[in-house]
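Peer 1: Just passing along the structure, written as structure tokens.
We did not get these values from a lab; they are worked out from the coordinates using the rules stated. Quick caveat, the model's predicted, so the values are computed rather than measured. Cβ placement follows ideal geometry from the backbone for every residue including glycine, while neighbour counts extend to all protein chains displayed.
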Amino acid sequence: MTNTPDTTIGPTSRVYFSQRLRLHYVDWGNPGAPPLLLVHGGRDHCRNWDWVAERLRKDWHIIAPDLRGHGDSQWSPDGNYAMAAHVYDLAQLIHQQHLAPVTIVAHSLGGNISLRYAGVYPENVRKLVAIEGLGPSPRMLAERQKKTIDERMRGWVEEVRKLSGRLSRRYGSIEEAFSRMQEENKHLSPAQARHLTEHGVNQNEDGTYSWKFDNYVRAWQPYDMTQDDVEHLWSRITCPTLLVYGKESWASNPQDDGRIAKFPSAKVVSFDNAGHWVHHDRLDAFVETVRAFIV
């Protein structure tokens, strides 16, 4: 029996620590219900899940973290945003809050992190929904592997060096930042774009506004787990897994490129009239699909 939450109350901000970083998450209450983690993607923040959380909070204890360098979580002092660090952060949150076995719904980078975690700790994940979370397509990976490690390292050094001198873009008003948010995803309603903007910016001392995420998160690491290792982790996932894709997205559908075969019990569902942010673009249909899957 779960307590019925007061849906007029928003989430509570909390913190936890991982590799000495002060990381932020929001807790939507209802602690007697089964735990549900909502994990956002790159250059995003935990409040992008608010519409999903509001619809599911009655039946689930929802926790939505800000990844390191994102939202209200601390920026990594050395610019470390390697996938291993992200997986560790997720492992620490689940461990410290005693969430296992946990259900996870994750988007993009968050999906990539969560899929790897589920392969490392299959016993800790009850069910998993990953929205376009498999990472670069096989074609993109093949192109990347054409470069030798010295070429990748030199490219990474040059990219990070440029980022080190890049100041966060400043907007004169919330309205300017709001317009940029609308440009990023044409499917967003004005209300959605404004909500994401208001929770995604900090006001600078001079009165301007900048996005909360650390510019260093833009840099792709010169090396990572091998694709064989990543696919080995996928093969270890024992929980029911749903891979969600938008038919108007740039992402490669694993049903078409063959990656679905690497999973023992995953299925793919695609949404019409949706791009990369399926949970925004087709909110009602997405929630209906997720609710039926994670029950």
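Peer 1: So which lysines can K247 reach, going by Cα to Cα under 25 Å and dropping same-chain residues fewer than 8 places off?
Peer 2: K127, K186, K262, K267
Peer 1: Given axes a ≥ b ≥ c from the Cα gyration tensor, I'd like to know whether region 139-239 is rounded (a/c under 1.5), prolate (a/b larger than b/c) or oblate. Intermediate values should be presented prior to the final figure.
Peer 2: Values: a/c = 2.82, a/b = 1.61, b/c = 1.76.
Judged from the Cα gyration tensor, region 139-239 comes out oblate (a/c at least 1.5, b/c at or above a/b).
Peer 1: Nearest 0.05, what FRET efficiency do D256 and N204 give at R0 = 41 Å with Cβ-Cβ as r?
Peer 2: 0.40
Peer 1: While we're looking at this one, here's another question. Let's see if you can work this out: charge +1 on each Lys and Arg Cβ, -1 on each Asp and Glu Cβ, no other charges. What is the dipole magnitude of region 91-239 about its Cα centre, in debye to the nearest 20? Present the calculation step by step, with values, prior to reporting the outcome.
Peer 2: Values: 20 positive and 19 negative charges, 33 e Å.
So the dipole magnitude of region 91-239 works out to roughly 160 debye.
Peer 1: Follow-up question, since we're still on this one. For region 133-230, which trypsin sites (Lys or Arg not before Pro) are both in a DSSP coil and crowded by at most 11 other Cβ atoms within 10 Å?
Peer 2: K146, R166, K186
Peer 1: Excluding same-chain residues fewer than 8 positions from K162, which aspartates and glutamates have a Cα within less than 17 Å of its Cα?
Peer 2: Within the straight-line cut-off, K162 pairs with D78, E151, D214.
Peer 1: Right, something else. Which shape class applies to region 122-189: rounded if a/c is under 1.5, otherwise prolate when a/b exceeds b/c and oblate if not, where a ≥ b ≥ c are the square roots of the Cα gyration tensor eigenvalues?
Peer 2: Oblate is the answer for region 122-189, as a/c is 1.5 or above yet b/c matches or exceeds a/b.
Peer 1: Okay, moving on. Would you mind ranking D66, D228 by Cβ crowding within 10 Å, fewest neighbours first?
Peer 2: So the ranking, lowest neighbour count to highest, is D228, D66.
Peer 1: Let me ask you something else. For the chain, just say rounded, prolate or oblate: build the C-alpha gyration tensor, square-root its eigenvalues into a ≥ b ≥ c, call rounded for a/c under 1.5, and beyond that prolate if a/b exceeds b/c, oblate if not.
Peer 2: Rounded, since a/c falls under 1.5.
Peer 1: Here is a follow-up. To the nearest 500 deg cm²/dmol, what mean residue ellipticity at 222 nm is calculated for the chain from DSSP H runs of n ≥ 4 alone, each contributing -39,500 (n - 2.57), summed and divided by the residues?
Peer 2: After summing the helix terms and dividing by the residues of the chain, the value is -11000 deg cm²/dmol.
Peer 1: Can you compute the charge dipole magnitude of region 83-164 about its Cα centre, using +1 on each Lys and Arg Cβ and -1 on each Asp and Glu Cβ, nothing else charged? Give it in debye, rounded to the nearest 20. Walk me through the intermediate numbers first.
Peer 2: Details: 11 positive and 8 negative charges, 37 e Å.
That gives a dipole near 180 debye.
Peer 1: Let me know the charge dipole size of the chain about its Cα centre in debye, to the nearest 20, where only the beta-carbon of Lys, Arg (+1) and Asp, Glu (-1) is charged. Mind showing how you got there, number by number?
Peer 2: Values: 35 positive and 36 negative charges, 80 e Å.
For this selection, approximately 380 debye.
Peer 1: On to the next question. S235 versus D284, label points 7 Å from Cα toward the beta carbon: distance in nm?
Peer 2: 4.3 nm
Peer 1: What are the GluC sites (Glu not before Pro) within region 145-205 that DSSP puts in a loop, where the Cβ has at most 10 other Cβ atoms within 10 Å?
Peer 2: On the way: sites: E151, E158, E159, E175, E176, E183, E184, E198, E205; in loops: E205.
For GluC sites (Glu not before Pro) across region 145-205 that sit outside H, G, I, E and B with at most 10 neighbouring Cβ atoms in 10 Å, the list reads E205.
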